[in-house]
1. Which three numbers, in whole Å and largest first, are the semi-axes of the equivalent ellipsoid of segment 161-210 derived from its Cα gyration tensor as √(5λ)?
2. Is the C-alpha gyration tensor of segment 1-154 telling us rounded, prolate or oblate? Criteria: a/c under 1.5 is rounded; beyond that, a/b larger than b/c is prolate, otherwise oblate.
3. Which of these, 262, 74, 129, has the largest mean-square fluctuation under a Gaussian network model of the chain (Cα springs below 10 Å)?
4. Taking the radius of gyration and the Kirkwood hydrodynamic radius from Cα positions alone, what is the Rg/Rh ratio for segment 2-62, to two decimal places?
5. For the chain, take the longest principal axis of its alpha carbons; what is the angle in degrees between that and the long axis of helix 313-328, to the nearest 10 within 0 to 90?
6. On a 0 to 90 degree scale, rounded to 10, what angle separates helix 141-153 from the longest Cα axis of the chain?
7. Indicate, rounded to the nearest 5 percent, the antiparallel portion of the DSSP beta bridges found entirely in the chain.
8. Pop a pseudo-label 7 angstrom from the Cα along the beta-carbon direction at both residue 116 and residue 75 and give the gap in nm to one decimal.
Ligand code: PEP
Ligand code: MN
């Protein structure tokens, strides 16, 4: 059994609940993170804490991710990226940009188009997880610098990937949102490191990860003390080469039930077929996504990575119009 205490519970409230559990014959273990306190009390009787004012919820022992669970924060988490950009606050947020930062010209051109379309966040990889060691690996710190400069010029926020614990401090200097990629969803040292970071985290779903595994990965970050996690569905590895991945949109309402964390959808990696991406953006918003992440490129045929799935600027404007229409509702 896991006992979730009210947000802001004081030390004396925690002691009262601990004493009640001890009277019931169980020694509780304190879990503390993300501004919440939970007490792990295996095989305790829920009756021993019933009626205590500071107890918000009692979860069964099988709920292995108490900090991520909806019961711990029923109102939902709003992740603030600064600059007035908030994910999970009711108005969906569009994040767009190249797969990888390739050059100053490329990222400046894209940032201008992204801002003109009305998107709020510029994406772009500087450290790229590539399947082949011979593929373009990204520009590294120079890519981070260019991304930040382009975003600042157009008042955009920045999301970019961090691949290893040792790079979290560096990437945090440039990014407003730290992306943990699909391949790293269960890189536990990295999850611990971003849990200690002061920047919000975009946690992509592993390409064969269950919802439980994904929420447990989020739990690592929350347990580390970082309450600002956005989950990002990006498609599952499946059998059909007609698509790059199978975009699991059903997971959006499922996550809304299970967790208070906001949900983003990345139809670019999720489908990998340019012509299908605008329709999947519409579908993701209809499913209740709090944000979308899409790849764009001025000349997709010449992109150094993922050109086949990059939207051109006209498509970007069409996708952005969906957001403007929603904001006007
Ligand atoms: C990306 O968004 O650049 C990326 C590499 O995505 P994923 O980790 O989902 O493959
Ligand atoms: Mn990509």
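Readers should treat all values here as calculations from the given coordinates under stated rules, not as data from a laboratory. Here the structure is a predicted model, which means the values were calculated and not measured. Positions of Cβ are generated from backbone atoms using ideal geometry, with glycine treated the same way; all protein chains shown enter the neighbour counts.
1. Numbers: eigenvalues 65, 22, 14 Å².
Taking √(5λ) for each Cα gyration eigenvalue gives 18, 10, 8 Å.
2. On the way: a/c = 3.95, a/b = 2.59, b/c = 1.53.
Prolate shape, in that a/c is at least 1.5 and a/b is the bigger ratio.
3. For the chain, modelled as a Gaussian network with Cα springs under 10 Å, the answer is 74.
4. 0.91
5. Taking the Cα atoms of the chain, the angle to 313-328 is about 40 degrees.
6. Computed tilt is about 90 degrees.
7. 40 percent
8. Taking the simple label geometry, residue 116 and residue 75 are separated by 4.0 nm.
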